[in-house]
Amino acid sequence: MGRDEHLATLQTLGLSTPSAYRDAAFSRNIGLLSPGEQERLARARVAIPGMGGVGGVHLINLVRTGIGCFSLADFDRFDPVNVNRQFGARVPAFGRPKLEVMIEEALSINPFLDIAPYPAGLTPQNLEVFLTGVDVVLDGLDFFQFDIRRALFNTARAMGIPVITAGPMGYSSALLVFSPQGMGFDQYFDISDGMADEQKYLRFAMGLAPRPTHIRYMDLTRVDLKGGKGPSLNIACQLCSSLAATEAVRIILGKPGLEPVPHFTQFDPFLKIYRQGCLRRGNRSLVQRAKLWYVQNVLLKSAAKARVDVAEPPRIAAAELRGLPEAEADYLLRAAVQAPSGDNVQPWGFRTTDSSVDLLLNPDVDTSFFNVRQVASIISCGAAMENIRLASLALGMDAAVDLLPDPGQQNLMARIRLQPGSPAPDSLAQHIWARCTNRRPYSRLPIPEWVQADLQDRIQDVPEAQLHLLADRPQLRKLARLVYMADRIRTEHRGLHEHLNSMIRFSDMEARQTRDGFPLGNLEAGPAGEVFLRLTRPWPVMRAVNAVGLGRMVAMHSAQGILASGAAGMVVVSGLEPRDFLRGGQALQRVWLALTHHGLQMQPMAAIPLFWLRWLWEGPQSFSPGHQKLLEKVWGGFKALFPGADFNTQGLVMLFRTGYGPGIRHRTLRREVRDFMR
Ligand SMILES: Cc1cc2nc3c(=O)[nH]c(=O)nc-3n(C[C@H](O)[C@H](O)[C@H](O)COP(=O)(O)O)c2cc1C
């Protein structure tokens, strides 16, 4: 329906003139706005460049407030990725120009609107015409459209027009008003010609929200300054519009209380924080410069180290698949190597045929005390196997898994047979690339019951496995004590100490060269802990440190990890054979991916289960007498915490801690797929 149909409808209601409609449509504004003010608003012209998340809501908000004239610009079309926050993004609008859709929306609210459309978007050529006759501008430009935004603000200033900008930041909104008499855009944000794009974005963001509350909860690895993408919520867009529209009304009606730049306002309803302040020198102030340095050199650099490297699936219709083409095989194996492994040793090998992938164990990369009978590596193979299965479902292939099809070929773990099909996709597949080990403290917030139920559901795909969860605080305190005792052995056992140290990559260059082990930052030991790790590399130093009891700080750190968690969990399987641990690894991976799906962090705590298996298989004498005593206490306490598990007949696959918390700052790397081909 267009303007004419709307006007015809109004005629039938006896509202055929603008003033008659205004009196009816905006009558409930009266009391907050006078009839005279309402008339003034009807004559006012507001310019909104950008009809996306913020601009679209600005328009609708102001139409309902009674603004009568608009100048609107947008060149883009609606797309499904706009749905989360853009007013006009609805299924019937996909593929249609945003400007056209939003004008229809606006006219359906007030068919008497006077709208000047700019379908080519805002350009340096049409800027002046766009701004002519305008009372106030509401900035609806995309965050990353920097140069045209700068030109808009500077031209508006020269033409004596105020500009309001409100930016969604996390759950919050930041608001700035630029009046022609106040500080200018370049001066406030400290922008100059020839500055790199990333610098401009950063200065704009930091000037807009000088107290960046959202940094506390936003996953910065999702901010891609180069690619021009970042997280954005509808909640925040709506808030932006309320703040900006209030200032627009204030300006048009000349109401008191205007506080232009360098004053700023921020409201974060998630953290319940309202901030107002004044940056007399804008981004040039010392404090702002220090913050800019910190965000650029610390936060964003570390976010880059934590960025997820997602492989794009090859675009080929399942029906066209013949055998296993190279691109598909490569994708499946890149998914496989994203699996976790003890100390990131990556203990797998692959062989592909035209319809299957063979998964092999490489027993040589981990011969450590931990890896009793290669169990840790077999668990890792199980996780890699699950990744291949999930990735093949995502490619539209049916995957049938045969465990250890040929016991004669010792290191063959599984054969995954693939064929074109129409399998139901599994939502866990999308998390293969983001799943990680997080060794930071988490919040103690409990895990909601529905999430716990979902984890139980996901593990049922591996019927041999069970998940035991521990969420009760006194029980977690008991577990922390047990973890402390078992983890003491990590620093007191020479073989374990030396193996761990051989897997720590003390410089970024070393990490990039080997592409295995842990980059030092991944261990989250903190500056003092990193010095400790560097100094105690040689065993004689570690032994001396142990002698004075300082080695126990490492175990204390692990115990504190359990306390700084929402829950602990243990995955067990029904038997103690290698095939059981393969299934166990598969189940562990499903739980881990499901935790990622729910935004939960996770850290395996492998010492207790792996020491138990060594105790069971190799006998207590494989530990020193002192450690035997320690472990006897651990077994008693541990069995009491997990009465549902049978320690002698079931395989303990993994103990882990989990909870809500900040993301990791430093990812581990993986070797190239070709390094694993056999
Ligand atoms: C069998 C196994 C045992 C592990 N044990 C521990 C552990 O005791 N403590 C820990 O912090 N991480 C442990 N991890 C996590 C690995 O160190 C981690 O998966 C690996 O470094 C790769 O990093 P990512 O998980 O971030 O991809 C273990 C992982 C596996 C598969």
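Take the conditions assigned to a helix (DSSP H, G or I), of a type outside the set (Gly, Ala, Ser) and under 30 Å from Trp450 (Cα atoms) and apply them to Pro643. Does it pass? So Pro643 fails the test. Checking Leu641, Leu630, Leu669, Leu652 one by one, the residue that is aliphatic (A, V, I, L, M) and under 26 Å from the mean Cα position of the chain (by Cα) is Leu669 and no other.
Before we move on, is Gly36 assigned by TED's automatic domain parsing to the domain that holds Ile109 and either at positive phi or over 39 Å from the mean Cα position of the chain (by Cα) (or both)? Answer is yes for this residue.
Name the single residue, out of those in the range 61-88 being of a type in the set (Asp, Glu) and surrounded by fewer than 20 Cβ atoms within 10 Å (Cβ to Cβ), that is farthest from the chain's Cα centre (by Cα). Don't jump to the end; show me each part of the working.
Restricting attention to the range 61-88, the residues satisfying the condition of being of a type in the set (Asp, Glu) are 74, 76, 79.
Going one step further and asking which of them are surrounded by fewer than 20 Cβ atoms within 10 Å (Cβ to Cβ), we end up with 76, 79.
On the way: Asp76: 26, Asp79: 22 Å.
Here the answer is Asp76.
Within the range 596-633, the residues that satisfy the criterion of being more than 12 Å from the ligand (Cβ to nearest atom) and in contact with a Ser or Thr (Cβ under 7 Å, 6 or more places away or on another chain) are His597, Leu600, Arg614. The set of residues in the range 389-408 being touching a residue at least 24 places away in the same chain (Cβ under 8 Å) and closer than 19 Å to Asp580 by Cβ consists of Arg389, Leu403, Leu404. Only one of the numbered conditions (1) surrounded by 14 or more Cβ atoms within 10 Å (Cβ to Cβ); (2) among the β-branched types (Val, Ile, Thr); (3) within 28 Å of the chain's Cα centre (by Cα) is violated by Ile252, and that is (3). Checked against the criterion of being more than 13 Å from the ligand (Cβ to nearest atom), among the aliphatic types (A, V, I, L, M) and surrounded by 14 or more Cβ atoms within 10 Å (Cβ to Cβ), the range 264-282 contains one or more residues that satisfy it.
Of all the listed residues (Phe112, Phe146), the sole one being surrounded by 14 or more Cβ atoms within 10 Å (Cβ to Cβ) and within 27 Å of Gly184 (Cβ to Cβ) is Phe146.
Go through the range 266-286 and give me each residue that's assigned to a helix (DSSP H, G or I) and in contact (Cβ under 8 Å) with a residue 24 or more places away in the chain.
So in the range 266-286, the residues assigned to a helix (DSSP H, G or I) come out as 282-284, 286.
Gly282, Asn283, Arg284 - these are the residues of the range 266-286 that are assigned to a helix (DSSP H, G or I) and in contact (Cβ under 8 Å) with a residue 24 or more places away in the chain.
Can you confirm whether Ala414 is buried (at least 23 other Cβ atoms within 10 Å of the Cβ), more than 14 Å from the ligand (Cβ to nearest atom) and farther than 23 Å from Thr596 by Cα? Criteria met by Ala414.
Taken over the range 284-316, the criterion of being more than 28 Å from the chain's Cα centre (by Cα) and within 18 Å of Phe185 (Cβ to Cβ) is satisfied by Arg284, Ser285.
Got a sec? Which of Ala465, Ala453 is free of Cβ contacts under 8 Å to residues at least 40 places away in the same chain and either in contact with an Asp or Glu (Cβ under 9 Å, 6 or more places away or on another chain) or at negative phi (or both)? If you could, list the steps in order and put the result at the bottom.
Details: Ala465 fails: free of Cβ contacts under 8 Å to residues at least 40 places away in the same chain.
Just a single option satisfies the conditions, and that option is Ala453.
Reported count of residues in the range 240-265, each being without any contact (Cβ under 8 Å) to a residue 60 or more places away in the chain and either in contact with a helix residue (DSSP H, G or I) (Cβ under 6 Å, 6 or more places away or on another chain) or on the phi > 0 side of the Ramachandran plot (or both), is 2. Could we say that Arg3 is modelled with pLDDT of 95 or more and surrounded by fewer than 22 Cβ atoms within 10 Å (Cβ to Cβ) here? Spelling it out, it is not the case that Arg3 is modelled with pLDDT of 95 or more and surrounded by fewer than 22 Cβ atoms within 10 Å (Cβ to Cβ).
The values are calculated or read from the model by the stated rules, or taken from the named source; none is laboratory data. Remember, predicted model here, so these are calculated numbers, not experimental data. Positions of Cβ are generated from backbone atoms using ideal geometry, with glycine treated the same way; all protein chains shown enter the neighbour counts.
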